[in-house]
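Here is the structure we will look at.
The values are calculated or read from the model by the stated rules, or taken from the named source; none is laboratory data. Keep in mind it's a predicted model, so treat the numbers as computed, not measured. Note that each Cβ is placed from the backbone with ideal geometry, even for glycine, and that neighbours are counted across all protein chains shown. Note: accessible area is taken over every heavy atom of the protein model, side chains too, but ligands, DNA and RNA are not part of it. Shrake-Rupley method; radii C 1.70, N 1.55, O 1.52, S 1.80 Å.
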Amino acid sequence: PKLPGDQLSRKILDIRPEIPILLCTGFNENITREKAEQMGIRAFATKPVTMHEMANHLRAMLEDHRQ
């Protein structure tokens, strides 16, 4: 519960680097889209996120994962 999303993502990717991660965040000076991509996070969204945007991110991640 006290672990920020970027730190949780790092821990997950250390164990299973193939897991696609979509990181949703509000304003955060510690994580940017570029940093997220460098970490291996597949998709990055800033809040507020609409259902349409979330669906597009998830669809793209699943399509990339299947290839």
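When only the Cβ of Lys, Arg, Asp and Glu is charged (+1, +1, -1, -1), the dipole of the chain relative to its Cα centre reaches about 200 debye. Taking the 1.4 Å solvent-accessible surface of region 6-67 as the whole, the part contributed by carbon and sulfur is 53%. Listed values for region 41-53 are Karplus-derived 3J(HN,Hα) couplings in whole Hz (6.51 cos²θ - 1.76 cosθ + 1.60, θ = phi - 60°), namely 6, 7, 9, 9, 9, 9, 6, x, 10, 7, 4, 5, 4, and x replaces Gly and Pro. When you count the other C-beta atoms within 10 angstrom of each residue and take the mean per peptide, 17-25, 29-37 line up highest first as 17-25, 29-37. Relative to the current alpha-carbon distance between L3 and K35, full extension at 0.36 nm per residue lengthens the span by 9.8 nm. All other residues whose Cβ lies under 10 angstrom from that of A45 are scored, Lys and Arg at +1 and Asp and Glu at -1, for a net of +1.
Using the Karplus relation 6.51 cos²θ - 1.76 cosθ + 1.60 with θ = phi - 60°, the per-residue 3J(HN,Hα) values for region 13-19 come to 5, 5, 7, 9, x, 7, 6 Hz, with x marking Gly and Pro. Distances between placed amide hydrogens fall under 5 Å for A45 paired with L23, C24, T25, all partners being 5 or more residues away or on another chain.
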